[in-house]
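The values are calculated or read from the model by the stated rules, or taken from the named source; none is laboratory data. If you're wondering where the values come from, they're calculated on a predicted model, not measured in any experiment. Heads up, the Cβs are rebuilt from the backbone with ideal geometry, glycines too, and the neighbour counts pull from every protein chain shown. What goes into the accessible areas is simple: the full protein's heavy atoms, side chains included, and nothing from ligands, DNA or RNA. Shrake-Rupley method; radii C 1.70, N 1.55, O 1.52, S 1.80 Å.
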Amino acid sequence: MRDNCGRTIDYLRLSVTDLCNYRCRYCMPESGVCKCAHEEILSMEEYVEIARAAVGLGIRKIRLTGGEPLVRRGLLELCRQLRAIPELKELCLTTNGSLLPQMAKPLREAGVDRLNISLDTLWPERFAYITRLGKLSDVWTGIEVAEAAGFRNLKLDTVLIGGFNDDEIGDFLNLTIEHPWEVRFIELMPMGPCAGWEKGCFLSADEVVNRYPALQRIDNCGVASRYRLPGARGTVGLISPLSHTFCGDCRRIRVTSDGRLKSCLHSAAEIPLRGLHGAALEEAIRQGILQKPLRHHLAEHPSDTPRNMNQIGG
Ligand code: SAM
Ligand code: SF4
């Protein structure tokens, strides 16, 4: 369906947990998050009910996210049930990749169509630093296992952080020469732990094209502007929520793991969905879509949402 600004809303991001086995410095506090009481988190039945209602209103793509979605128990059964919704065209998942070595094949068998894997650096020591708990080799193994399981055209998501990984842009671009992957550079958004980071950390994704003018523009894909190095098998995506507000092209709504509908990542407005069923649930989602804000205000001040990114799902 269309929102009040005429945008078609057909993409739902479902967060299945706030918990994560990493503690990326820009996303989560080092102490992690309090483990919520079981009953505060949506059950698998509730996720399926919400997804069905959303698909009834025109959602055609669902992305599972978190926290780290692969730590959520019952995830595979949820994937199977979502995949069985007839009108759903695409079931995707965003992961830090660490558990893909054991989970990629079951995820594929459960019906997940596409994977985005977050990877901020190609240096093992930097990876351990930024994730606080992660090991880069786990993610590389996860990528190999995902490809062997049949996941094609993987997307690698890299948050561009000035002074941390901007000297690796060329190495990331080089990955696309050999591999049919999309390497996507995402601008760091000032929220949660990184809201107060110094200005130099927040680079414009334009830096990528400025430094590598050989990149050829291809098209736009969702909120990403896509490029390619001459002769490369893969592509490069630039996602610029700060420097080029793409709110006019945003087709997304989000549901948090505590059951609240967010029609804009950066707005504090949330609509509680828990306890709603049937027509009441559908009406709440419809209202959320209609009330989707025209744009965010990151250019003026940090995000309005009091949540950290792991409590929303990116
Ligand atoms: N744990 C999974 C992962 O890391 O892919 C899924 C959830 S994570 C919150 C989703 C995405 O949000 C990741 O690619 C992460 O790098 C990104 N992210 C987290 N905080 C961010 C921020 N402040 N600005 C931009 N991207 C951010
Ligand atoms: Fe976990 Fe993903 Fe946040 Fe990193 S970005 S702490 S992997 S939820």
Practice task
Specify the residue with the greatest mean-square fluctuation among 146, 53, 84, computed from a Gaussian network of the chain linking alpha-carbon atoms under 10 Å apart.
Solution key: 84
Exercise for the section: Mind pulling the per residue volume of the convex hull built on the Cα atoms of the chain? Å³ is fine. Expected result: 123 Å³
Handout entry: Sparsely packed trypsin sites (Lys or Arg not before Pro) within segment 1-87, loop by DSSP, other Cβ within 10 Å at most 13
Key = 35, 73
Problem - Values of log10 I(q)/I(0), in the order q = 0.16, 0.21 Å⁻¹, for segment 223-314 under a Debye, Cα-only, solvent-free model - result: -0.74, -1.05
Handout entry: Cβ charges +1 (Lys, Arg) and -1 (Asp, Glu), total dipole of segment 1-117, debye
Key = 460 debye
Practice task
Restrict the search to segment 1-95; then list the GluC sites (Glu not before Pro) that DSSP places in a loop and that have at most 10 other Cβ atoms within 10 Å of their Cβ.
Solution key: 30, 87
Completion exercise
Taking the chain and counting helices only, DSSP H stretches of n ≥ 4 at -39,500 (n - 2.57) each over all residues, the nearest-500 ellipticity at 222 nm comes to -7500 deg cm²/dmol
Fill in the blank from the handout: Per the beta carbon screen (other Cys under 4.7 Å), unpartnered cysteines of the chain come out as 5, 20, 34, 36, 79, 92, 194, 201, 221, 247, 250, 264
Handout entry: Qualifying aspartates and glutamates (Cα of each under 20 Å from Cα of residue 105; at least 8 residues distant if same chain)
Key = 68, 77, 90, 113, 138, 144, 147
Handout entry: Cβ charges +1 (Lys, Arg) and -1 (Asp, Glu), total dipole of segment 132-213, debye
Key = 220 debye
Practice task
Using the Cα centre as the reference, give the magnitude of the dipole from point charges on the C-beta atoms of segment 11-311 (Lys, Arg: +1; Asp, Glu: -1; all else neutral), rounded to the nearest 20 debye.
Solution key: 600 debye
Problem - Of all accessible heavy-atom area on segment 74-143, the percent that carbon and sulfur account for (1.4 Å) - result: 56 percent
Fill in the blank from the handout: If each part is reduced to its alpha-carbon centroid, segment 283-305 and segment 1-33 end up apart, in Å, by 13 Å
